[in-house]
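Student: This is the structure, below, for whatever I ask next.
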Amino acid sequence: MIKIGLIREGKTPPDTRVALTPTQCADVLQFYSGQIEIVAEPSVTRCFPDAEYIKAGVNMQDNLEDCDVIFGIKEVKIEHLIPNKIFFFFSHTKKKQPYNQPLMHALIEKKVRMIDYEALTYEDGARILGFGVFAGVVGAHNGLMTYGKKTRMFSLIPAHACKDMDEMLKQYRYVKLPPVKIAVTGSGRVTAGILEIMHHWDIESVEPEDFLVKEYDYPVYTLLKGAALYENKNTGAYSRDDFHHNPEQYQCKFLPFTKAADILMNGIYWDKSIPRLFEKSDVANPEFRIKIMADITCDEDGSVPINLGSSTIADPVYGIDRNTIEKVAPFQNDKDIIDVMAVDNLPNELPRDASEHFGEHIIKYILPELLKEKSDILDRATICKDGKLTTPFEYLSDYAYPVK
Ligand SMILES: NC(=O)c1ccc[n+]([C@@H]2O[C@H](COP(=O)([O-])OP(=O)(O)OC[C@H]3O[C@@H](n4cnc5c(N)ncnc54)[C@H](O)[C@@H]3O)[C@@H](O)[C@H]2O)c1
C-alpha cells in the first residue's frame, strides 16, 4: 500500500494549484483500492476546498510524516521537508537557480528523494507532463484582451475572474474580432494552448508565406516553428536535432513577420544560446507593426527582448515606448507604444482546470510507475536521493552539496 500526501503549498503568495483534484482522488481510491491511500494537509488557499476532498474520501492530516510519497506543486519550504521521503514538485533547481540553493542543500541533508515534474521525460527527453497548455490558453486570452482594451474595440473578463475555462470561453460568442493578424510561435504545450484559443475564436490559419504578403478581411493567425522560424547560418537548412544541439549556428527568420503581424503570441522554448525573435533596436523601425506581445515564454530580455521583467496576474500588461524602450502605461491607443503581457505564472489564473489537466497526467503516467518495483521514468526524474545527486544531475555538484 502506498500512502500519498497532498501538501499545503508554502510559497507566498501561495500557489493555489494541486496535483490531484477531489474527483480524481475519489476515482484513484476506487480504482487502486487496497494499493493507494490519499490524505491531504488542510489548506485555505488551495483552489479546491478541504470539504470537497473530505467528501471525496480524502482524510485531512496536519502532518504527512506517515506518507510514502508527497505531491506538491511549487518549491516546498525547507521546514516542510520530511527526511527520507519521496517528494514530487517543480524544484527549479536544474539550472542552478541561486534562490533555490538553500532548498537543494536541505534536500541533500535530509536525504529526500526529490523527483522534479519537469524532469519526468520519455527516453528521448520529451516531457511527460506540465502546465504549459494552460499557460498558452491564458496567455492567448490575455493577448486578445489587451488588443480589445488598447484598440477600445471590445472588453474581455480576465481568466482569473472567471469561474473556470468554460466561463472564459463563453465570452467569445459575443465578440467579433476585426481582421487582426496574429503570429504564433513555438511547438510545445504552450503553443498547443495558444492554438486552442485560436480555434475557439474561429481564427483562420494561414501559411507563413501568405501571412507575409497578404491582407485579409477576417482575423488570421500563422504558426511559426522549426524551419519557418530558424535556419542554419551557413546552409540555410533546418534540422530539429541539430538545432537543439547547436542553436548558436542558427539564425532566426522572424524579422519580416514583425512587419506583417499585429499581435505576437510567443510560445517557443528559449535559452541564451538560441537567437532572439528580433533585437531591441528593431522596434523603432516605422515598419515594425506588432502592437501587442503576449510573451508566454517569458524570459526577461529573452526571445522577446523588450520583455523588461515579469508582470503579475493582477497587473499583467505594461507598455513599452518604441523609441526609448522604457516602461510606460499600457492600453494607450498610441502607435509608439507596444503592450507586453509578461505574466510568468499564467496557469494560476485557471487553477481548477489546470489542476485537473495535470492530475489526469499524474494518474495516467505517474501512479502506475509508483506502483512498479523499479521505474526508469521515475529514476530519470530523480534529482537527488539518499543524500546524493543521481548520475544525470551530478553537474549540479558545486550547487547542491553544502560546503562543509
Ligand atoms: N508564462 C508562463 O506562465 C509559462 C508557463 C509554462 C511554460 N512557460 C514557458 O514557455 C516555454 C515553452 O513551454 P512548453 O510547456 O511549451 O514546453 P514543451 O516542453 O512542451 O515544448 C518545448 C518545445 O521546444 C522544443 N525544444 C525542447 N528543447 C529544446 C532545445 N534545447 N532547443 C530548442 N527547442 C527545444 C521542443 O521540441 C518542444 O517542441 C518555456 O520556456 C516555459 O518556461 C511559461
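Student: Within the stretch 69-88, identify whether any single residue is aromatic (Phe, Trp, Tyr), part of a loop (DSSP other than H, G, I, E, B) and under 30 Å from Tyr399 (Cβ atoms), and answer yes or no.
Tutor: The answer is no; no qualifying residue exists.
Student: Take His80 and tell me if it is in the same structural domain as Glu9 (by TED's automatic domain parsing), closer than 24 Å to Arg46 by Cβ and more than 15 Å from the ligand (Cβ to nearest atom).
Tutor: Here the answer is yes, as His80 does meet what is asked.
Student: Another one. Suppose the filter is under 23 Å from the mean Cα position of the chain (by Cα), open to solvent by less than 70 Å² (accessible area, probe 1.4 Å) and more than 30 Å from Pro351 (Cα to Cα); does Pro208 pass it?
Tutor: Judged against the criteria, Pro208 is not a match.
Student: Then there is this: State all residues of the stretch 323-351 that are open to solvent by 10 Å² or more (accessible area, probe 1.4 Å), more than 11 Å from the ligand (Cβ to nearest atom) and touching a Phe, Trp or Tyr at 6+ places or on another chain (Cβ under 7 Å); if no residue qualifies, say none.
Tutor: Within the stretch 323-351, Lys327, Pro330 qualify.
Student: When the stretch 268-302 is examined, which residues are found to be under 17 Å from Gly186 (Cβ atoms), open to solvent by less than 10 Å² (accessible area, probe 1.4 Å) and either in a loop (DSSP other than H, G, I, E, B) or near the ligand (Cβ under 10 Å from one of its atoms) (or both)?
Tutor: Leu277, Phe278, Ile290, Ala294, Asp295, Gly302
Student: Pull out all pairs, ordered by first then second residue, where Cβ-Cβ is under 6 Å, the residues are six or more apart or on different chains, the first lies in the stretch 112-132 and is within 12 Å of the ligand (Cβ to nearest atom), and the second is part of a strand (DSSP E or B) and of a type in the set (Val, Ile, Thr).
Tutor: That search, which allows pairs on different chains as well, returns Arg127/Thr121.
Student: If I filter the stretch 160-172 for residues that are open to solvent by 20 Å² or more (accessible area, probe 1.4 Å), modelled with pLDDT under 95 and part of a loop (DSSP other than H, G, I, E, B), do I get at least one hit?
Tutor: Yes: the stretch 160-172 contains one or more residues that are open to solvent by 20 Å² or more (accessible area, probe 1.4 Å), modelled with pLDDT under 95 and part of a loop (DSSP other than H, G, I, E, B).
Student: Next up: Which pairs do you get when a residue that is assigned to a helix (DSSP H, G or I), found in the stretch 200-222, comes within reach of a residue that is charged (D, E, K, R) and open to solvent by less than 30 Å² (accessible area, probe 1.4 Å), reach meaning Cβ atoms under 8 angstrom, with the pair 6+ apart or on two chains?
Tutor: Listed pairs, sorted by first residue: Phe211/Lys181.
Student: Just one of Lys225, Lys259 is assigned by TED's automatic domain parsing to the domain that holds Tyr147, near the ligand (Cβ under 9 Å from one of its atoms), open to solvent by 40 Å² or more (accessible area, probe 1.4 Å) and at pLDDT 95 or above; which is it?
Tutor: After applying the criteria, what remains is Lys225.
Student: Something else now. Is it true that some residue in the stretch 145-153 is near the ligand (Cβ under 8 Å from one of its atoms) and hydrophobic (A, V, I, L, M, F, W, C)? Don't jump to the end; show me each part of the working.
Tutor: Residues of the stretch 145-153 that are near the ligand (Cβ under 8 Å from one of its atoms), as a first pass: none.
Looking through the stretch 145-153, none of the residues is near the ligand (Cβ under 8 Å from one of its atoms) and hydrophobic (A, V, I, L, M, F, W, C).
The values are calculated or read from the model by the stated rules, or taken from the named source; none is laboratory data. Remember, predicted model here, so these are calculated numbers, not experimental data. Neighbour counts run over all protein chains shown; Cβ positions are idealised from the backbone, glycine included. Ligands, DNA and RNA are stripped out before the accessible areas are found, and what is left, the full protein with its side chains, is counted by its heavy atoms. Shrake-Rupley method; radii C 1.70, N 1.55, O 1.52, S 1.80 Å.
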